[in-house]
Every structure is written in C-alpha cells, then in structure tokens.
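Here the structure is laid out as structure tokens; the discussion comes afterwards.
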Amino acid sequence: MLVAAAVCPCPPLLVPEVAAGASAELDAARDACLDAVGVLAASRPDLLVVVGPGDDRSAGRYPAGAHGTFRGVGVDLGVTLGDAPRDAAVPDRPLPQSLTVGAWLLGRARWTGAPVEGLAVAEREAAEECASAGRALAGRAERVALLVMGDGSACRTLKAPGYLDERAAAFDAGATEALGSADLDALAALDATLAHKLKAAGRAPWQLLGGAARDAGLAGRLLYEGAPYGVGYTVAAWS
C-alpha cells in the first residue's frame, strides 16, 4: 500500500547547472523538494516509484538504471534513475524530462532507501485510467512511496510559456489546495480538458497519486507554492 508521497514540480531549472545565474530564484522550491524526498526516506518504503508526465512516445515504465540527460536544455549533464540490479542490461530508452528531474532530485538527496522505478503517464490520460494505474502501483509492494513530478498551469502571466489565461490562477489554487491537504476527491475532480488548455502537465500524475492513496489514510502538508516564470509550482508531502 502507499505509505508516503512527495509532490514536486519538474522544470529543468530546478537543476542549478541548468538555471546557471538564475539558480537562486528557485532555491526555496528546490529546498522544499528535498524536504519532501526526506519524508519518503523516513517512510522506509520497499519500493519507490517516480511518476511524471510524458508524451505518447515516452509514456510507460522505466526500470532502475535508466538514464536521462539535460542536453536538450543545453547542459551536458546526465543522471541515472536509482541503482540497476547487478548484471542487469542498461535500458536503452532515455528518461523523459519529468523523470530526469526526479532522478536528479533523488541523486541530490543521496537516495538509498529502496529500489527505484519510473513511470511516465501520458498527459492526456483520462482521470479514471490515472486512478486505476495508481491503485495498481500501490499494490506493487507492502510499502510503496511515490515521487510525483508535475507542474501546474503554464499560463499565469503574459510572459508565461502559454501566455496569460485568466483561468490559470484559480486552477492552480484548487490543485494546490488539494495536494496540500491530500484531498483525493478534489484531485479526482480536476478538469482534464481545462488542464490541457492551461498546459498543466501535472494533472495526470496528480490523479494517479489520488488513486494510489485511496484507503491509505495519508495526510498532506504543503511545503511550497509559487509561480516563477508564470508556471504554477507546488511541493507537498503526504505521510
């Protein structure tokens, strides 16, 4: 069953080498993410799954040892998802961006607590399918923890990646409230169509988390909320 979860945004700018001179602007978000990963470690899981959004090509499971890179954003930096079993073949499919940032966070936190796997969820996946996938993940081991990567809307300001949409702030506020309080019904009710229009890539992973947490009795705690660069970022810990 699910024993803990950490919710983190997944912009490459969380990585100081990528952010370069702007690194300090995300110090608070980065520190909150590391605190949330600490909650996962304290739960002593038997399995940690890093969940994040992907496209139709990258959606699916990723084993321990899968590699990701930040070359696509101009930095020659690679990461590995957990530790592959001895003598295991090196996976040839690269991690999508969301799981690459998750793998970086685990490396930064010096994760050694449990075996790690990855799961990329298609951004247009229906809410019911997300919840079903979450329930399946929760049944993978006696003690499962999730590191859930995903951003809110990308339409909070005129200079945001998706330009300004007046609906974005309310969408992010509702999602942040649900994530910070572990409100499973509110997560299930997030509008997938609106989330797509607002470029809120975290919607599907968040609804997967909601499915995984059914009957787990977890409480949520909000660690960070903000919209740097016009994109909604939320960090929360469930335990």
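For region 149-224, carbon and sulfur atoms together expose 52% of the accessible surface, with a 1.4 angstrom probe and every protein chain in place.
With all pairs of separate Cα atoms included, region 149-239 yields a Kirkwood hydrodynamic radius of 12.9 Å.
Net charge in the neighbourhood of Gly60 (other residues with Cβ under 13 Å of its Cβ; Lys, Arg +1, Asp, Glu -1) is -1. Applying both filters, DSSP loop and at most 10 other Cβ atoms within 10 Å, to the trypsin sites (Lys or Arg not before Pro) of region 1-61 gives Arg57. Once C-alpha pairs closer than 8 Å and six or more residues apart are averaged by separation and normalised to the residue number of region 1-143, the relative contact order reads 34 percent. Add +1 for every Lys or Arg and -1 for every Asp or Glu among the other residues with Cβ under 13 Å from the Cβ of Asp83, and state the total. Here the count lands on 0.
Roll a 1.4 angstrom probe over the protein heavy atoms and tell me the percent of accessible area of region 1-113 that is carbon or sulfur. In region 1-113, the share of accessible area belonging to carbon and sulfur is 49 percent.
What stretch of the chain, leaving out the sites themselves, is the longest with no GluC sites (Glu not before Pro) in a DSSP loop having at most 15 other Cβ atoms within 10 Å?
It works out to 1-141.
Label point of Asp55 set 7 angstrom out along Cα-Cβ; within region 72-99, amide nitrogens under 13 Å from it belong to 96-98. Entry note, the chain: relative contact order of 29 percent, from Cα contacts under 8 Å with a spacing of 6+ residues.
Values of log10 I(q)/I(0) for region 105-212 across q = 0.10, 0.20, 0.22 Å⁻¹ run -0.31, -1.04, -1.17, by the Debye formula with one identical scatterer at each alpha carbon and no solvent. In the chain, the DSSP-assigned H stretches of four residues or longer account for a calculated mean residue ellipticity at 222 nm of -9500 deg cm²/dmol, using -39500 (n - 2.57) per stretch and the full residue count as denominator.
When only the Cβ of Lys, Arg, Asp and Glu is charged (+1, +1, -1, -1), the dipole of the chain relative to its Cα centre reaches about 280 debye. On the basis of the beta-carbon distance and an R0 of 45 Å, Asp83 and Ala186 show a calculated FRET efficiency of 0.80. Restricting region 118-224 to trypsin sites (Lys or Arg not before Pro) that sit in a DSSP loop and have at most 11 other Cβ atoms within 10 Å of their own Cβ leaves Lys159.
Positive contributions from Lys and Arg (+1) and negative ones from Asp and Glu (-1), summed over other residues with Cβ under 9 Å from the Cβ of Ala195, come out at +1. Model label sites at Thr193 and Asp46, defined 7 Å from Cα along the beta-carbon direction, differ in position by 4.2 nm.
With contacts defined as alpha carbon pairs under 8 Å and 6 or more residues apart, what's the relative contact order of region 8-85 in percent?
Working: 55 pairs, mean separation 18.7, N = 78.
Relative contact order, region 8-85: 24 percent.
A simple charge model with +1 on the Cβ of Lys and Arg, -1 on the Cβ of Asp and Glu and nothing else charged puts the dipole of region 135-181 at about 200 debye relative to its Cα centre. Normalised per residue, the accessible area of the chain is 45 Å², obtained with a 1.4 Å probe and no contribution from ligands, DNA or RNA. The gain in end-to-end length when the Leu164 to Ser132 segment is fully stretched comes to 8.2 nm, 0.36 nm per residue minus the alpha carbon separation. Along the axis of the charge dipole computed for region 53-113 (Cβ charges of +1 for Lys and Arg, -1 for Asp and Glu, origin at the Cα centre), the listed residues Gly72, Ser98, Trp111 are led at the positive end by Trp111.
The values are calculated or read from the model by the stated rules, or taken from the named source; none is laboratory data. Because the structure is predicted, anything quoted here is derived from the model rather than measured. Cβ: placed from backbone, ideal geometry, glycine included. Neighbour counts: every protein chain shown. Ligands, DNA and RNA are stripped out before the accessible areas are found, and what is left, the full protein with its side chains, is counted by its heavy atoms. Shrake-Rupley method; radii C 1.70, N 1.55, O 1.52, S 1.80 Å.
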